[in-house]
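First comes the structure, then the notes that go with it.
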Amino acid sequence: MKISVSGTYSSGKTSTVMALSHYTGVPRSLARTIREIMPEALPGVRLAEVTPPQFLQLTLRRHTGRAVQEALLGDHFVSDGSSLQEWLYGAARVRHGMNPNATAGNESGPATTTPEEMAFFGQVVEQYGHAFKQHVKATYDAYVHLRHELPIAADGHRPMNNAFRATVDGMLLATLDELRIPYHVVGGSMPERLETIAGLFGWTPVMSTAEAIELARREYGRQDFRMEHERVPADA
């Protein structure tokens, strides 16, 4: 069974997927983060400075990475998000601007774009949406959507814009309805999330929730949290 754990940024997707994989023994698929991709794609650039063409490059790179990971894992895995996220983060920028921080009243170097650029960007993002929807429909058996209940992590990377996050959240659920992909909205503490998700799919735990959460905490802590512009490209 192929399951995607979805939700907007700061919903706890990555930590939930890590813990769930330990808890159930189901393999997990983790796509490379934008922070990891940007140093080789756009060295020295911050996410808040990305232009429409550059964002399209990042979207394509992340979708390709997801598709490869999904193919390698076969027919049984749980995924940290899906390519719907990549499309929706672009679609929401059509509404809220290339730098959502700016439209949230938090000015921090918004990328300069013209109306013509944004119009073309919106058209390309729409076409990406058609392709990504088909990919997701053909790939996943069901979704677990994490309820929008946690505050945004002020890490200097994610957009500090609740309206932007709510737009992505609403569009994602509407798209799952459109595609007729079964989904379950889950919330609560991490132990509650793990027990609920395992129960939904009949997965037998292979360890306690406490053990799984501790392993996920250590694993999560080993990630490189440096900002994208502070990293050296892998091939430098």
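The values are calculated or read from the model by the stated rules, or taken from the named source; none is laboratory data. The shown structure was predicted, so the numbers you read here are calculated from the model rather than taken from an experiment. Note that we place each Cβ from the backbone using ideal geometry, even for glycine, and neighbour counts take in every protein chain shown. Just so you know, the surface numbers come from the protein's heavy atoms only, side chains and all, with ligands and any DNA or RNA stripped out. Shrake-Rupley method; radii C 1.70, N 1.55, O 1.52, S 1.80 Å.
Quick one: in region 53-77, of everything that is under 16 Å from the mean Cα position of the chain (by Cα) and either among the small types (Gly, Ala, Ser) or assigned to a loop (DSSP other than H, G, I, E, B) (or both), which residue is surrounded by the most Cβ atoms within 10 Å (Cβ to Cβ)? The selected residue is Gly65. In region 1-37, the qualifying residues are those that are modelled with pLDDT under 85 and of a type in the set (D, E, K, R), and the one that is farthest from Ala198 (Cα to Cα) is Arg35.
Of note, Thr175 satisfies the criterion of being out of contact with any Phe, Trp or Tyr (no Cβ under 7 Å at 6 or more places or on another chain), at pLDDT 95 or above and in a helix (DSSP H, G or I). Cβ separations smaller than 7 Å between residues 6+ apart or across chains give the following pairs from region 50-68 residues that are among the charged types (D, E, K, R) to residues that are part of a helix (DSSP H, G or I): Arg61/Ile37; Arg61/Ala41; Arg62/Ile34; Arg62/Ile37; Arg62/Glu86; Arg66/Ser83. Restricting attention to region 184-201, the residues being open to solvent by less than 60 Å² (accessible area, probe 1.4 Å) and not hydroxyl-bearing (Ser, Thr, Tyr) number 11. Of all residues in region 68-88, those satisfying the criterion of being touching a Ser or Thr at 6+ places or on another chain (Cβ under 8 Å) and of a type in the set (Ser, Thr, Tyr) are Ser79, Ser82. Looking across region 24-49, the residues that are free of Cβ contacts under 8 Å to residues at least 60 places away in the same chain and either within 17 Å of Pro100 (Cβ to Cβ) or small (Gly, Ala, Ser) (or both) come down to Ser29, Ala31, Ala41. Only a single item in (1) open to solvent by 20 Å² or more (accessible area, probe 1.4 Å); (2) at negative phi is not met by Leu42, and it is number (1).
Residue count for region 153-172 satisfying the condition of being surrounded by 15 or more Cβ atoms within 10 Å (Cβ to Cβ) and at pLDDT 90 or above: 5.
Once region 21-34 is narrowed to residues that are buried (at least 20 other Cβ atoms within 10 Å of the Cβ) and out of contact with any strand residue (DSSP E or B) (no Cβ under 6 Å at 6 or more places or on another chain), the residue that is nearest to Val94 (Cα to Cα) is Ile34.
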